[in-house]
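The values are calculated or read from the model by the stated rules, or taken from the named source; none is laboratory data. Predicted model only: the values in this text are computed from it and were never measured. Note: ideal-geometry Cβ built from the backbone for every residue, glycine included; neighbour counts use all protein chains shown. For the accessible areas, the whole protein counts, side chains as well, though only heavy atoms, and no ligand, DNA or RNA atoms are used. Shrake-Rupley method; radii C 1.70, N 1.55, O 1.52, S 1.80 Å.
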Amino acid sequence: MSNDFRLTYELEQHTPLIHFQHDQAGATLRASEVKPKLDKFILKKLGGFDKVWETNKDWFVGVTEKTKKEEVKPALNYKLRFLCEDVRVYDVPKYSIYYGNMGNGANKAMFVTGKTKATVLCFIPELAECIKKYIGEFFICTNFGRMQGKGFGSFTVKGMSIGNVYQTLAEYCGAKACYSFCSNDTSNPVREDTFKEIKSLYSVIKSGTNFGVYTRSLLFRYFYDKSTGDKVSVGNEKRYMKNMGISPNVKKSTTYISPSPVVSQYKYTRALLGVGERIEYIAGLDSYDKPKKGARGIEKEVVSISNDDIERFSSPILFKVIGDTVYIVAKRIDSVIYGKAFTFKNEKTGNSDKIVTPSATQFDIDEFMDYVYNNYKGKIRLQRRV
C-alpha cells in the first residue's frame with residue numbers, strides 16, 4: 001500500500017541472506033546497505049550525479065556546492081526501512097561455497113529467509129516517481145549481504161513485472177549477453193542444489209577441478225587458445241609459483257587434461273575474476289582447495305597475495321537467482337586491475353616474487369563469457385540471450 005509520501009513494497013526472497021545478526025528480531029536486509037546501492041542505481045539511470053545535481057539539488061542530503069567537489073557518496077533525500085515477518089534461520093549447509101564460518105568463531109553466520117517489506121518515505125514527488133520507476137529493476141540487478149556475487153541475498157519486488165531479465169541485467173552491466181541455467185530446487189529454502197551448481201560452474205571457470213584428473217580452468221584455456229600465430233602463450237600464476245618455489249612442491253603425479261602447460265609467459269590471470277588475500281595449500285596436493293573442515297594432521301602452507309594499491313577486487317561475474325533460473329552476467333572490469341604487479345609470498349619459506357596481471361588488450365570479458373558458454377562441458381546446460 002502506498003500514498004503520496006509513503007511507498008510500500010513486498011519483496012520475494014529467492015535465496016537466503018548470509019546474516020551475522022540472525023538472532024535479532026526481524027533480521028533481514030539492512031537499509032544501510034540497500035539505500036546507498038539504490039541511490040547509486042537511480043543516479044546512474046538518470047545520467048549520473050552531476051547531471052541530477054544541476055537541476056535537482058533538493059534531492060540530496062548532506063551535499064553542498066563545496067562537498068560535491070570532494071570525494072563524497074551522494075545520498076538521495078528519502079528514508080528506507082525494512083520489516084520482516086516469519087524469519088527462518090538455517091545452519092550453513094556443508095557444501096563449501098561459503099568459508100566464513102571456518103574455525104568455529106563466535107561471530108557465526110547463518111542463512112536467513114523471511115517475508116520482507118520495504119517502506120520508502122519520500123516528500124519530494126519527482127524523486128518518489130523515480131523510485132517507483134526503478135525499484136523493480138534495481139532488485140533484479142542487485143544482491144545483498146555476504147557472497148552476493150555468487151547469488152546469495154537475491155530479492156525481487158513481488159507483484160511487479162520483471163520483464164526481460166536477460167536484457168535488464170545485460171544493459172545494467174554493460175554486457176553484450178546474459179547467460180542462464182535452470183535449477184529446480186525452489187522448494188528448498190537454502191537452495192542447496194542451486195549453490196552446488198554455482199560453485200561447480202565457477203570452479204571450472206576460474207580455478208579448474210582436481211578429482212584425480214586435473215582439468216584446467218576455462219580462464220587458463222581462454223588465454224591459451226588466444227595464443228595463436230605471433231601471439232605468445234599466456235600461463236597463469238599457479239605454474240609460475242611452482243617453478244619459482246613459492247608454492248609447495250607437488251608430491252603426487254597429476255594427470256593433466258589438455259592444453260599443454262608449456263607457456264611463454266606467466267601472468268596473474270585469476271585476478272581478473274577476483275583477488276583474494278591468500279592461498280592455502282594442502283602440502284602434497286596439486287590443488288587450490290582449502291583444507292577440509294575438521295581435518296587433523298594436515299600440513300598447510302599459506303601464500304599471501306598483496307598489492308600496495310589494490311586490497312580487494314571483486315569478481316565481475318554476477319549470479320542472480322530468480323525462481324528456478326540462475327542468471328549469469330559479467331560487469332565491466334575496472335581498468336585499475338590491468339598490468340598490476342602483485343607480490344606472492346610463501347609465509348613459511350619466505351620465498352616471494354611479483355607476478356603482473358594481464359593487460360587490457362589481452363582480455364575481453366564479453367569474449368571470455370562467450371568462450372565459457374561455448375566450451376563448458378559440465379552437467380549444467382547454459383543458455384545465452386542477447
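Structure data summary
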item: Entries in Lys320/Lys340; Lys158/Lys377; Lys37/Lys226; Lys206/Lys340 that, when Cα-Cα distance is taken, lie over 26 Å; result: Lys320/Lys340; Lys158/Lys377; Lys37/Lys226
item: Accessible-area composition of segment 144-194, carbon plus sulfur, in percent [1.4 Å probe]; result: 44 percent
item: 12 Å Cα-Cα reach of Lys45 towards aspartates and glutamates, excluding residues that sit fewer than 8 places from it in its own chain; result: Glu137, Glu171
item: Cross-link table Lys115/Lys150; Lys79/Lys150; Lys40/Lys331; Lys40/Lys150; Lys40/Lys345, entries beyond 26 Å C-alpha to C-alpha; result: Lys79/Lys150; Lys40/Lys345
item: Estimated FRET transfer efficiency when R0 is 25 angstrom, pair Ser200-Arg88 (beta carbons, to 0.05); result: 0.45
